[in-house]
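Down below is the structure, laid out as structure tokens.
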Amino acid sequence: MKFNSPSHQLANSPILLVAVLSLGACASPVAPKAPQVTVDVLSYLLGDASLWPRVGNHSQNQIVDLARREVCWVKYANARRFECWRWDEHYVYHAVDHGLDGDSNESYRFTDGRWLPRYLPGGTAAASPWTIDVSRNQIVWFDPSCRIDPARSHAFPYRIRAWIEPRVDAGPDLGRRDALLFEYEPYDPAAPQPGAHERFSMALGAGWYRWERSGFVDMFNRLGGPAVAMNRSVWCEAGS
């Protein structure tokens, strides 16, 4: 005669089976994590073509090249004076500033150049901004002949803080729009105390319309002015 062991009897017990099923039914399912809300900053950086060119304190025109993943702004109605940023899936990068004060033929670029996240976390505000410290950046300064100026090329760290503000008044032509604001603050690597910063304002669907530094506010938010194309040939290193 063959006898089942006690453990075998328990394993086949209908009471135990009901108990196991009951415990499984009582277990709370793991709630899926809600997807993180993000904002594509290109919706703020790239203004609708119908809203360009613009005037204000000076003339400014937006040039978008989707193949290059690049946006440039031609300043002062001068094809040789422009600033360009580029992007990938991770960041927006400062590519070149060829529109220096004083109508200079000099220009500069950054070796790192991370400027903004491509996707800004939702819920950012002035009190809780997105931030980055680009501590290993170098500035590369070009003279009018595109030769590197060693005296002005050196370590150039900077910090960025960025956030969204709802329903900002961008002027009578652009109206009230959500705006991406960010502050750029270069600092001395030997004494990294807070210094003077620049603030950029980008309106949703309209692009860059305001810049300020040390109390000076530069506006280019009124429709009109010449649609000047940029002269890419003056970009040192062939715009690479």
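Couple of notes before you dig in:
- Cα gyration tensor, the stretch 125-200 - rounded (a/c under 1.5), prolate or oblate: oblate
- Nonlocal amide H pairs with Asp178, under 5 Å, H built at 1.01 Å: Arg167, Val168, Leu204
- Additional length obtainable on full extension of the chain from Ser104 to Ala126, 0.36 nm per residue less Cα span: 4.5 nm
- Separation of the Asn231 and Ala190 label points, Cα + 7 Å toward Cβ, nm: 3.9 nm
- 10 Å beta-carbon shell around Thr124, net charge (K/R +1, D/E -1): 0
- In the context of the full protein assembly, His154 retains an accessible surface of approximately 80 Å², using a probe radius of 1.4 Å and ignoring ligands and nucleic acids.
- Anisotropy class of the stretch 75-188 from Cα gyration tensor, a/c 1.5 cut: oblate
- Largest first, the residues Val55, Val41 sort by 1.4 Å accessible area into Val55, Val41.
- Put simply, the amide H of Val96, placed in the peptide plane, has neighbours under 5 Å in Cys84, leaving out anything fewer than 5 places away on its chain.
- The stretch 152-240: C-alpha gyration tensor shape, a/c 1.5 cut-off, then a/b vs b/c: oblate
- In nm, spacing of pseudo-spin labels at Asp169 and Asp149 (7 Å Cα→C-beta vector): 4.0 nm
- For Thr124, residues with placed amide H under 5 Å, excluding near neighbours: Ile164
The values are calculated or read from the model by the stated rules, or taken from the named source; none is laboratory data. It should be emphasised that the depicted structure is a prediction, and the values quoted were computed from it without experimental measurement. A quick note on method: Cβ atoms are made from the backbone with ideal geometry, for glycine too, and the neighbour counts reach across all protein chains shown. To get the accessible areas, we keep the full protein, side chains included, count just its heavy atoms, and leave off ligands, DNA and RNA. Shrake-Rupley method; radii C 1.70, N 1.55, O 1.52, S 1.80 Å.
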